[in-house]
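Inspection log for the structure reproduced underneath, given as structure tokens.
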Amino acid sequence: QVQLVESGGGLVQAGGSLRVSCAASGRTFSSYALAWFRQAPGEEREFVASISRSGGSKFYADSVTGRFTISRDNAKNTVYLQMTSLKFEDTAVYYCAALIGPVGQRTWRSYDYWGQGTQVTVSS
């Protein structure tokens, strides 16, 4: 079993940058594919990015491609989402998720473990 805790959210100005982190407990962190999702009030949970178990494959939603970067550090049991050129539309609660398997999936229903979320607010 894995427990996930996000951190690093906050208030930033449009055009700025922010890095959110997700620290995991558990002795088999490297066995999981990882992903970031986000959810704004009244909206459905949205896929943002995923990274494979090996870290060799990354996928991004069209809305964030070129602006966001997902990475993982298995030695630290942590996955990161570096966000740049932030837009007001990026405002949401950001969740990390872990999937038992080698490659991440785009649907939230595929994930086995979830963090509590961290709020990212982008001002205009």
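The values are calculated or read from the model by the stated rules, or taken from the named source; none is laboratory data. Note that the coordinates shown come from a computational prediction; the quantities given were computed from them, not determined experimentally. Don't worry about glycine lacking a Cβ; one is built from the backbone with ideal geometry, like all the others, and counts go over all protein chains shown. Heavy atoms of the whole protein, side chains included, go into the accessibility calculation; ligands, DNA and RNA do not. Shrake-Rupley method; radii C 1.70, N 1.55, O 1.52, S 1.80 Å.
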Could you size up the charge dipole of the range 25-124 around its Cα centre, putting +1 on the beta carbon of Lys and Arg and -1 on that of Asp and Glu, and report it in debye to the nearest 20?
340
Using per-residue counts of other Cβ atoms within 10 Å, averaged over each peptide, order 4-13, 33-42 from highest down.
33-42, 4-13
Over the chain, what relative contact order in percent results from Cα pairs under 8 Å that are six or more residues apart?
36
The range 1-62 - Debye-derived log10 I(q)/I(0), Cα point model, q = 0.17 Å⁻¹
-0.77
How much of Val2 can a 1.4 Å solvent probe reach, expressed as accessible area in Å² and rounded to 10?
10
Taking the Cα atoms of the chain, report the difference between the largest and smallest coordinate on each principal axis, in whole Å and largest first.
41, 25, 25
Might you tell me the accessible area per residue for the chain, computed with a 1.4 Å probe and given in Å²?
51
What ³J(HN,Hα) values, in whole Hz, does the Karplus curve 6.51 cos²θ - 1.76 cosθ + 1.60 give for the range 81-97 when θ = phi - 60°, with x put for Gly and Pro?
10, 8, 10, 10, 6, 5, 10, 4, 5, 7, 4, 4, 8, 9, 10, 9, 9
Residue by residue through the range 61-67, what is 3J(HN,Hα) from phi via Karplus (6.51 cos²θ - 1.76 cosθ + 1.60, θ = phi - 60°)? Round to whole Hz and write x for glycine and proline.
5, 4, 5, 10, 4, x, 10
Among 53-61, 86-94, what's the highest-first ranking by average C-beta atoms within 10 angstrom per residue?
86-94, 53-61
Just the number, please: carbon plus sulfur as a percent of the accessible area of the chain, 1.4 Å probe, no ligands or DNA/RNA counted.
48
